[in-house]
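All remarks here apply to the structure that follows.
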Amino acid sequence: MTRLPRRLFHLYKNRRFHLRGTCPVCGRYSAFICKDPQSLRGDLFCFFCRSSSRNRHIAKILAQSILPGAKSIKEAVKDSGVRIYNTNACGSIHRALADSGYYLCSEYLPEIPFGTIDERGIWSEDLQNLSFGSDNFDYIITEDVLEHVRDYRKAFTEIKRVLKSGGKHVFTLPLNICKNTARRVDISRGNDIHVLPPVYHEDPLNDEGALVYTDFGRDMLDELEGMKMPTQIRFSEYEDKFSGIFNSMVLISTKQ
């Protein structure tokens, strides 16, 4: 069987999971294609911009916050003057925001000094010790990043520091609201000691994957409240299906 028929068979097999609607990332009426029905949160790819359900949920929340009524994050940021920091320098949201004059992105690039720019023009940043000045950004985006940060409390502290008053941290992470937060790796003695079996998530910049340091639970919300970063959880609703959003959860913290 040739490559094309296999792809067509794959699309046909998952046809009942495909959706159609307007993409909150690129703003186009699109088909949202399912490749893996077991992982719809990170699936349902936009035919045009390749955004996933998770990407579109973040984009929709951002767009509605910046410019109510905007069809896409690309439309919302145009001429808005809002300063956005994204801890991802690739993907659909990055591409949609890249032309904004007030947008900044970074990656965790330990091979070069943090706070410097690589040959591609990407900032190397450590969320535990950001190089930016305080009260700098209106919005910060982190997508499934914080579970991989060695000391997540330092990361939350730094995110709050560089946000403007009233600024928002819009983020995703694996969150089990039926349990409390658990450290998978003990960092209290300086080095990493695994207290639970190592778990790695796929990382486009590292063939070995990204180590999970923390399993987040419901008490994380209390921690953020204590930091004066009250946090809402937005679960995808029925109407979100018309934006190609399904089985998704986004958290929004606001700096007080």
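The values are calculated or read from the model by the stated rules, or taken from the named source; none is laboratory data. This is a predicted model, so every value here is computed, not measured. Neighbour counts run over all protein chains shown; Cβ positions are idealised from the backbone, glycine included.
State whether the residues of the range 54-63 include one that is part of a helix (DSSP H, G or I), over 13 Å from PHE246 (Cβ atoms), touching a residue at least 24 places away in the same chain (Cβ under 8 Å) and β-branched (Val, Ile, Thr). Yes - at least one qualifying residue is present in the range 54-63.
In the range 94-121, the residues that are over 26 Å from LEU62 (Cα atoms) form Cβ pairs under 7 Å with partners that are at pLDDT below 95 and not in a loop (DSSP other than H, G, I, E, B), at six or more places apart or across chains, as follows: ILE117/TRP123.
With respect to GLY27, is the statement that it is surrounded by 18 or more Cβ atoms within 10 Å (Cβ to Cβ), at positive phi, at pLDDT 95 or above and over 18 Å from the mean Cα position of the chain (by Cα) true?
Criteria met by GLY27.
Out of all the residues in the range 210-256, which are of a type in the set (A, V, I, L, M), farther than 24 Å from VAL185 by Cα and out of contact with any Lys or Arg (no Cβ under 8 Å at 6 or more places or on another chain)? Selection gives ILE233 alone.
Screening the range 188-217 for residues that are assigned to a loop (DSSP other than H, G, I, E, B) and out of contact with any strand residue (DSSP E or B) (no Cβ under 8 Å at 6 or more places or on another chain) and picking the one that is surrounded by the most Cβ atoms within 10 Å (Cβ to Cβ) gives PRO204.
For LYS179, the requirement of being of a type in the set (Lys, Arg), touching a residue at least 12 places away in the same chain (Cβ under 8 Å) and part of a loop (DSSP other than H, G, I, E, B) is met.
Looking at THR142, THR157, can you tell me which residue is under 17 Å from THR87 (Cα atoms), part of a helix (DSSP H, G or I) and among the hydroxyl-bearing types (Ser, Thr, Tyr)?
None of the other options fit; the residue is THR157.
In the condition set (1) under 21 Å from VAL145 (Cβ atoms); (2) of a type in the set (A, V, I, L, M, F, W, C); (3) outside any helix (DSSP H, G or I), MET220 is compliant with all but (3). Taking the range 46-55 as the range and being hydrophobic (A, V, I, L, M, F, W, C) and surrounded by 22 or more Cβ atoms within 10 Å (Cβ to Cβ) as the test, the residues that pass are CYS46, CYS49. Take the conditions (1) touching a residue at least 40 places away in the same chain (Cβ under 8 Å); (2) surrounded by fewer than 18 Cβ atoms within 10 Å (Cβ to Cβ); ASN129 misses just one of them, which is (1).
Among the residues of the range 160-169, those that are buried (at least 17 other Cβ atoms within 10 Å of the Cβ) and either farther than 22 Å from SER80 by Cβ or not basic (Lys, Arg) (or both) comprise LYS160, VAL162, LEU163, GLY167, HIS169. For the range 233-244, the count of residues that are in a strand (DSSP E or B), within 14 Å of ILE61 (Cα to Cα), in contact with a Ser or Thr (Cβ under 9 Å, 6 or more places away or on another chain) and among the hydroxyl-bearing types (Ser, Thr, Tyr) is zero.
Scanning the range 94-138 for residues that are under 25 Å from LYS74 (Cβ atoms), at pLDDT 95 or above and outside any strand (DSSP E or B) yields HIS94, ARG95, ALA96, LEU97, GLU125, PHE132, ASN136. Between SER106, SER100, SER134, the distinction of being of a type outside the set (Lys, Arg) and in contact with a Ser or Thr (Cβ under 7 Å, 6 or more places away or on another chain) belongs to SER106 only.
Somewhere in the range 176-190, is a residue out of contact with any Cys (no Cβ under 9 Å at 6 or more places or on another chain) and under 23 Å from ASN55 (Cβ atoms)? Checking the range 176-190: at least one residue is out of contact with any Cys (no Cβ under 9 Å at 6 or more places or on another chain) and under 23 Å from ASN55 (Cβ atoms). Counting the residues of the range 146-158 that are closer than 19 Å to THR254 by Cβ and either modelled with pLDDT under 95 or hydrophobic (A, V, I, L, M, F, W, C) (or both) gives 3.
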